[in-house]
1. Check segment 145-153 and report whether any residue there is within 25 Å of residue 251 (Cβ to Cβ) and in contact with a helix residue (DSSP H, G or I) (Cβ under 9 Å, 6 or more places away or on another chain).
2. Considering only residues of segment 88-97 that are assigned to a helix (DSSP H, G or I) and more than 16 Å from residue 150 (Cβ to Cβ), which is nearest to the ligand (Cβ to nearest atom)?
3. What are the residues in segment 41-87 that are surrounded by 19 or more Cβ atoms within 10 Å (Cβ to Cβ) and not in a helix (DSSP H, G or I), if any?
4. When you go through (1) more than 16 Å from the ligand (Cβ to nearest atom); (2) in contact (Cβ under 8 Å) with a residue 12 or more places away in the chain one by one for residue 219, which number turns out not to apply?
5. I need the full set of residues from segment 103-126 which are in a loop (DSSP other than H, G, I, E, B) and without any contact (Cβ under 8 Å) to a residue 12 or more places away in the chain, in order please.
6. State whether one or more residues within segment 253-263 are over 20 Å from the mean Cα position of the chain (by Cα) and either surrounded by 16 or more Cβ atoms within 10 Å (Cβ to Cβ) or within 13 Å of the ligand (Cβ to nearest atom) (or both).
7. Kindly establish whether residue 248 is part of a loop (DSSP other than H, G, I, E, B), within 15 Å of the ligand (Cβ to nearest atom) and either more than 13 Å from residue 194 (Cβ to Cβ) or in the same structural domain as residue 187 (by the TED database) (or both).
Ligand code: BYC
């Protein structure tokens, strides 16, 4: 029997996608599918790891031992998410070194939100509630992504993210019920993190370079605007419950659409931040590069140990 040609393989591939079959690492896939997945999964991994920095900033200053333990566990989880995602990207034939090099050279992006500073303890509440909240909306949808390792990674990550979101909301609720100063601190954090959280979903669908192809290949299951709307709808009610105000004068329930209308995002700011010129871009990257260089001896030691073990096993077998 003759081998299918490239066009036939591509048709077969799309048929599998349309039938909701998962694509696994050793299956045939179009080169652009592979490259697009590496791009998205690696950027997702970088976001998890860079995202440890704004919260890491508050571990030593958490107001109680209990809050400190919770925050520490949460930040460690984010590191773990990064590791699952790097491993998922590696199944596509790229090395960890290449992935990290992409981050350090600026070729690979990471979520814009982590280029904003965490100025007060209330920011830990806003990040958990809004940033993890936005991440869950996106990641619940990605559980159904077409690439098997990415999809399975998302299932576990989503479980952990719901704990993260609730710990953040609990911080906000506690502050909002506290003194006038504490409530003002919670409101200020909401004011600063609201719009950057909406930017996490990416550009409008019409401006999104990758969406059409990613939706066809079911790498993405819902569009940037659909997910953003879902996040706005759920957050409005959550803010009401704790007595905080979303900083958007245009926010209004639209009976006809069955959704909240909301104001326009500052896309100029978004573009600036994703292109490296946000408040903390340089600091975040410099910190990652420094930590990576400081960890070189650990990677060297593991490699040397592994080589010795292999040598010993070979001489024992000889
Ligand atoms: N920030 O064509 P588009 C977490 C880029 S971390 C930066 O719509 P796509 C957490 C985009 O990459 C969870 N860049 O792209 C951790 C593209 O540039 P390139 C993070 C952005 O991929 C610690 C260009 O703009 N979650 O939960 O179809 C503590 C055009 O965009 C952003 C994920 O990473 C942005 N916000 O859609 C707390 C989810 N938006 O690559 C919490 C996985 C867009 O051509 N990723 N860009 O240079 C995705 O779902 C999709 O990649 C996106 C963008 C929806 C983000």
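The values are calculated or read from the model by the stated rules, or taken from the named source; none is laboratory data. These figures come from a predicted structure and were not determined experimentally. We place every Cβ from the backbone using ideal geometry, glycine too, and count neighbours over all the protein chains shown.
1. Filtering segment 145-153 down to residues within 25 Å of residue 251 (Cβ to Cβ) leaves none.
The answer is no, given that none of the residues of segment 145-153 is within 25 Å of residue 251 (Cβ to Cβ) and in contact with a helix residue (DSSP H, G or I) (Cβ under 9 Å, 6 or more places away or on another chain).
2. Step one: filter segment 88-97 for residues assigned to a helix (DSSP H, G or I), giving 88-90, 96-97.
Checking the rest, the ones that are also more than 16 Å from residue 150 (Cβ to Cβ) come to 96-97.
On the way: 96: 18, 97: 20 Å.
Filtering first and then ranking leaves 96.
3. 51, 58, listed by residue number.
4. Here residue 219 clears every test but (1).
5. Narrowing segment 103-126 to residues in a loop (DSSP other than H, G, I, E, B): 106-111, 116-121.
Within segment 103-126, just 107 meets the criteria.
6. Kept after step one, since they are over 20 Å from the mean Cα position of the chain (by Cα), are these residues of segment 253-263: 253-263.
From the residues that got through so far, the ones that are either surrounded by 16 or more Cβ atoms within 10 Å (Cβ to Cβ) or within 13 Å of the ligand (Cβ to nearest atom) (or both) too are 260, 262.
Yes: segment 253-263 contains one or more residues that are over 20 Å from the mean Cα position of the chain (by Cα) and either surrounded by 16 or more Cβ atoms within 10 Å (Cβ to Cβ) or within 13 Å of the ligand (Cβ to nearest atom) (or both).
7. On the way: part of a loop (DSSP other than H, G, I, E, B): yes; within 15 Å of the ligand (Cβ to nearest atom): no; either more than 13 Å from residue 194 (Cβ to Cβ) or in the same structural domain as residue 187 (by the TED database) (or both): yes.
Considered against the rule, which asks whether it is part of a loop (DSSP other than H, G, I, E, B), within 15 Å of the ligand (Cβ to nearest atom) and either more than 13 Å from residue 194 (Cβ to Cβ) or in the same structural domain as residue 187 (by the TED database) (or both), residue 248 comes out as no.
Okay, residues lined up against (1) within 14 Å of the ligand (Cβ to nearest atom); (2) closer than 18 Å to residue 132 by Cα:
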position: 162; (1), (2): yes, yes
position: 168; (1), (2): yes, yes
position: 172; (1), (2): no, yes
position: 175; (1), (2): no, no
position: 182; (1), (2): no, no
position: 193; (1), (2): yes, yes
position: 200; (1), (2): yes, yes
position: 208; (1), (2): yes, no
position: 215; (1), (2): yes, no
